[in-house]
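A.B. asks: Before we start, here is the structure in question, set down as structure tokens.
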Amino acid sequence: RVCSPESATTGKRRQGVAAVEFALCLPIIVVFLLGVWEVGRIVQVSNVLSNGAREAARDASLGQDNLQTVASNLLAYLQSAQPTAFGQGHTTTLQSPTISLPANTTGYTCWDNTANQELFTITFRDITTSTATDPTAMVKLDHYQIGVQVPYASIGWSSLAQITSATRIYVAVDWACLRDAPFQVSPVLPAQ
């Protein structure tokens, strides 16, 4: 096959086009992949929060543990499910909430003393009996809600708040109190 001098010159000019196109497209591809990675991380943590909130609601449903114990159990669950996001091995304290809560709602904020940041805020609201401020004050079949909130800053890998106005992930679970009603058992069988 015979090449003309004109086609040889065109081939030399085209050799760098692929490298230039790749250099122009690479930042767009990297930003897209990082965005997908960040959204995947948020979905993963949201699923862990949903499971943790259900475990906390189940724990509170017996009416034997106060909200502080439920929050401590939730912290243990979250740290085992997501060690890097929830400060496994760090010293933590439960304190009054750092956010404002709706009426008839109580809660605690779990604060990571080592990283000096909020890990999560757990809230409790008895929908049936608004005066009950703790799971131990519930009665059988009370309808209540456990909420868990996490700031994006403690779980995200990018500054998502700059893209959206949302700054927290919030999960709420509705549950019913399963506390047993007291009853008497006669130790003697009736005579026939």
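A.B. asks: Under a 1.4 angstrom probe, counting protein chains only, how are Trp37, Trp175 ranked by accessible area, largest first?
C.D. replies: Heavy-atom accessible area, descending, gives Trp37, Trp175.
A.B. asks: Any chance you could run the full-extension gain for Gln44 through Thr167? It's 0.36 nm times the residue separation minus the Cα-Cα distance, nm to one decimal.
C.D. replies: 42.6 nm
A.B. asks: Taking a probe of 1.4 Å, how large is the accessible area per residue of the range 54-153, in Å²?
C.D. replies: Heavy-atom accessible area per residue stands at 46 Å².
A.B. asks: Another question, then. Among Asp134, Asp126, Asp180, which one shows the biggest mean-square fluctuation in a GNM of the chain, springs joining Cα atoms closer than 10 Å?
C.D. replies: Looking only at Asp134, Asp126, Asp180, the largest GNM fluctuation is found for Asp180.
A.B. asks: Which residue fluctuates most in the GNM of the chain (Cα springs below 10 Å): Ile122, Ile29, Ile146?
C.D. replies: Ile29
A.B. asks: Of (i) 1.71; (ii) 0.99; (iii) 1.06, which one was derived for Cα Rg over 2.2 N^0.38 Å from the structure shown?
C.D. replies: (i)
A.B. asks: Treat each spin label as a single point 7 Å out from the Cα along the C-beta direction, and report the Ile127 to Asp180 distance in nm.
C.D. replies: 2.7
A.B. asks: What accessible surface, in Å², does a 1.4 Å probe find on Ile99, ignoring ligands, DNA and RNA and rounding to the nearest 10?
C.D. replies: 40
A.B. asks: Ok, one more. Can you pull the percent of the chain's accessible area that's carbon plus sulfur, 1.4 Å probe, other chains left in place? Intermediate results must be reported in sequence, preceding the final value.
C.D. replies: On the way: 7120 of 12060 Å².
Whole-percent figure for carbon plus sulfur exposure: 59.
A.B. asks: Would you calculate a helix-derived [θ] at 222 nm for the chain, using -39,500 (n - 2.57) for each DSSP H run of n ≥ 4 and dividing by the full residue count, to the nearest 500?
C.D. replies: Calculated from helices alone, the mean residue ellipticity at 222 nm is -13000 deg cm²/dmol.
A.B. asks: Let me know the longest stretch in the chain that avoids all trypsin sites (Lys or Arg not before Pro) found in a DSSP loop with at most 15 other C-beta atoms within 10 Å.
C.D. replies: The longest uninterrupted stretch comes out as 2-139.
The values are calculated or read from the model by the stated rules, or taken from the named source; none is laboratory data. Note that the coordinates shown come from a computational prediction; the quantities given were computed from them, not determined experimentally. Note: ideal-geometry Cβ built from the backbone for every residue, glycine included; neighbour counts use all protein chains shown. Accessible surface is based on the protein model in full, side chains and every heavy atom, while ligands, DNA and RNA are left aside. Shrake-Rupley method; radii C 1.70, N 1.55, O 1.52, S 1.80 Å.
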